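These notes are about the structure you will find just below.
The values are calculated or read from the model by the stated rules, or taken from the named source; none is laboratory data. This is a predicted model, so every value here is computed, not measured. Virtual Cβ from ideal backbone geometry, glycine too; neighbours counted across all protein chains shown.
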Amino acid sequence: MAAVAMFDRPTKKKMGWALFNYFVLTWAPIAISGVLFVLWNLATGGDLPVVTLVVFLLVMRQFNVFTISTLFHRSYSHKQFDYHPLVEGPIRVWNWLFMGTGGRAWAILHRWHHADADTENDPHSPTKTGGSLGNITKQTFQSYQLCLRNPQDYTRFEAGLPDDTFEHFVRWLEAKGVPGLVIFRIPLVLGVLCLLPFVSLPAAVLCLPGIMGSVWFSTVIMVNGLCHTMGYRNWDNGDTSTNLFPIDLFGWGEALHHNHHHKQSRANLGHRPWEFDTGFWALWLLSKVGVVRNLRP
């Protein structure tokens, strides 16, 4: 894959459109929860701490995207590093609780995407025949169900992935469709949220769009959708992957998606001097205290 002589820099108009889509897709779910907090207070005379709850949702979004990005994507899918076993287990359960996916099926789906990027066999591409940014969620859901219900068809993508009782339970549950993916988890999510002193049951219910929507939009629609339709490119990869840096400065490096397609096993997704992968440097710091092992820079 030869490097192009000039970076594929988009026009200001295209980057402006990318910026608009990014903020709408990433922050809209949290904004919806914020509006619901205000409306609840107005309608009931309640005193939900709106600012505190919105800040909490922003922190939760960053933490949840980080755990999905690092464990399921960088560690499981591409073996860029290993978490300490005492940390890996709780993160697996946490990711299932707040994202609704198991690590094994998630990684199989992602490896499938890399193997067939932007072809008719791509499990989620806005550029294949019939594909669009609008139906990327539907594509992802349908392909994920195939991985769950027909694991024998995807054995070529399962090397080195966890295959224990927890993954079997998650696969059985989520193969039931929306009830297993979403409805079963809602009482558990509400229970965890209500453990926090500033989150009442009404606040927890109103937090659901912000928590569940922001992570799904950020990891599915933004990376698998926007990062194959707009942005810039450093190389001719043979696919439509793009980078959205620095638009996604808070995405833990996930929007350096084109660089990732170019070198999948490289943990540092910043390839040019001005590209900064916040996720890699967070992992580098964690490696200094033993939480992260075998980091491949």
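Inside the stretch 260-280, can you point out the residues that are outside any loop (DSSP other than H, G, I, E, B) and under 18 Å from the mean Cα position of the chain (by Cα)? If the condition is that a residue be outside any loop (DSSP other than H, G, I, E, B) and under 18 Å from the mean Cα position of the chain (by Cα), then HIS260, HIS261, THR278, GLY279, PHE280 are the ones that fit. When the stretch 95-123 is filtered for residues that are of a type in the set (D, E, K, R) and surrounded by fewer than 19 Cβ atoms within 10 Å (Cβ to Cβ), the ones remaining, listed by number, are ASP116, GLU120. Just one residue in the set ALA28, ALA43, ALA107 is hydrophobic (A, V, I, L, M, F, W, C) and touching an Asp or Glu at 6+ places or on another chain (Cβ under 9 Å); that residue is ALA107. If the condition is being without any contact (Cβ under 8 Å) to a residue 12 or more places away in the chain, aliphatic (A, V, I, L, M) and assigned to a helix (DSSP H, G or I), then the stretch 149-184 contributes LEU173, VAL178, ILE183. Evaluated against (1) surrounded by fewer than 20 Cβ atoms within 10 Å (Cβ to Cβ); (2) touching a Phe, Trp or Tyr at 6+ places or on another chain (Cβ under 9 Å); (3) within 25 Å of SER125 (Cα to Cα); (4) not acidic (Asp, Glu), LYS263 falls short on exactly one condition, (2). Checking the stated criteria, PHE72 turns out not to satisfy the condition of being among the aromatic types (Phe, Trp, Tyr), under 30 Å from VAL199 (Cα atoms), surrounded by 19 or more Cβ atoms within 10 Å (Cβ to Cβ) and at pLDDT below 90. Quick check on the stretch 96-112. Is at least one of its residues among the small types (Gly, Ala, Ser) and outside any helix (DSSP H, G or I)? Yes - at least one qualifying residue is present in the stretch 96-112. Would it be correct to say that PRO187 is under 24 Å from ASN64 (Cβ atoms) and loosely packed, with under 12 Cβ neighbours inside 10 Å? When the stated conditions are applied, PRO187 passes them. Scanning the stretch 75-94 for residues that are among the charged types (D, E, K, R) and part of a helix (DSSP H, G or I), we see that the one that is surrounded by the most Cβ atoms within 10 Å (Cβ to Cβ) is ARG92.
In the stretch 127-143 there is no residue that is assigned to a loop (DSSP other than H, G, I, E, B), at pLDDT 80 or above, over 20 Å from ASN64 (Cβ atoms) and of a type outside the set (Ser, Thr, Tyr).
Can you tell me which residue is modelled with the lowest pLDDT among those in the stretch 221-248 that are aliphatic (A, V, I, L, M) and assigned to a loop (DSSP other than H, G, I, E, B)? Only one residue tops the list, namely ILE247. For the stretch 202-225, the count of residues that are touching a strand residue (DSSP E or B) at 6+ places or on another chain (Cβ under 7 Å) and either exposed (fewer than 15 other Cβ atoms within 10 Å of the Cβ) or under 20 Å from LEU36 (Cβ atoms) (or both) is zero.
The set of residues in the stretch 24-56 being exposed (fewer than 12 other Cβ atoms within 10 Å of the Cβ) and outside any helix (DSSP H, G or I) consists of GLY45, ASP47.
Within the stretch 23-38, the set of residues being closer than 14 Å to MET60 by Cα and aromatic (Phe, Trp, Tyr) comprises TRP27 only.
Of the residues making up the stretch 60-114, those that are within 15 Å of ASP163 (Cβ to Cβ), in contact with a Cys (Cβ under 9 Å, 6 or more places away or on another chain) and not small (Gly, Ala, Ser) number 3.
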